[in-house]
Amino acid sequence: MKTLKIHLIRHGATDANFKGQYIGSKTDLPLSPEGLNELRLLKDNMDYPEVERVYSSPLLRCRQTGAVLYPDKEIIKVENLKEYDFGTFEGKTAAELEGNPDFLDWVSGKIPAPEGEDNSDFIKRLCIGLNQIVMDMLESNTTNSAVIMHGGAMMMLLGATAVPRHKPVEWTADNGRGYSLLITPSLYHKSGIVEVFDIV
């Protein structure tokens with residue numbers, strides 16, 4: 001069975017990214033003009049991986065990123081790759097939430113975001129999304145794909161599945177950047193492990 005290559009790429013910047021707001025699955029923002037320009041510059045000056053397929057979170061900021069980086073490819077939407085649901089923290093900044101006891105408990109991992117998503121449910125959803133991609137690649141005989149996703153989702157997914165082992169916060173990526181994975185199907189199906197072999 002062939003080894004699969006999957007390149008995880010964080011979407012381009014939105015206005016909310018520049019403002020430091022928590023924007024999750026409930027807010028379908030487009031890329032900002034600055035974010036679009038930055039992506040186009042990256043595409044002109046970087047060698048993005050050549051891929052056979054492009055998968056994406058269904059949210060607009062990811063689909064727009066896929067269209068800029070891979071304009072000749074169909075964008076295959078994967079519902080389970082949506083960003084975290086920040087609940088009542090949606091649209092707010094850390095500075096605005098600084099005195100909120102629920103925010104402090106959430107940051108320390110004691111509780112889920114109020115009216116939002118539990119971290120364990122979020123990780124399970126992302127792992128299901130990755131598995132859907134792996135299965136689709138195997139069924140279609142595809143060996144090299146890009147996945148356009150959200151920064152927080154990428155960190156949580158790699159924290160749960162990737163070797164070398166790192167905490168989620170250590171898997172940060174700038175907009176338009178990310179990580180390249182090697183997946184050996186037999187090992188992946190047995191353990192859910194993916195290997196990070198390069199930086200996008």
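Couple of notes before you dig in:
- All conditions in (1) surrounded by 15 or more Cβ atoms within 10 Å (Cβ to Cβ); (2) over 20 Å from Tyr84 (Cβ atoms); (3) among the acidic types (Asp, Glu) hold for Asp15, with the sole exception of (2).
- Long-range neighbours under 9 Å by Cβ, at least six apart or interchain, first residue assigned to a loop (DSSP other than H, G, I, E, B) within the stretch 178-200, second of a type in the set (S, T, N, Q) and modelled with pLDDT of 90 or more: Thr184/Thr3; Gly192/Asn131; Gly192/Thr161; Ile193/Thr161; Ile193/Thr184; Val200/Ser180
- Filter pass, Thr161 being closer than 29 Å to Gln64 by Cα and modelled with pLDDT of 90 or more: yes
- Qualifying residue in the stretch 20-33 (condition: among the aliphatic types (A, V, I, L, M), closer than 14 Å to Val68 by Cα and open to solvent by 80 Å² or more (accessible area, probe 1.4 Å)): no
- Hits in the stretch 47-60 (condition: open to solvent by less than 40 Å² (accessible area, probe 1.4 Å) and either in contact (Cβ under 8 Å) with a residue 40 or more places away in the chain or more than 12 Å from the chain's Cα centre (by Cα) (or both)): Tyr48, Pro49, Val51, Val54, Tyr55, Ser56, Ser57, Leu59
The values are calculated or read from the model by the stated rules, or taken from the named source; none is laboratory data. What you see is a predicted model, and the numbers here were worked out from it, not measured in a lab. Here Cβ is always computed from backbone atoms with ideal geometry, including for glycine, and neighbour counts include all displayed protein chains. These area figures cover heavy atoms from the full protein model, side chains too; ligands, DNA and RNA do not enter into them. Shrake-Rupley method; radii C 1.70, N 1.55, O 1.52, S 1.80 Å.
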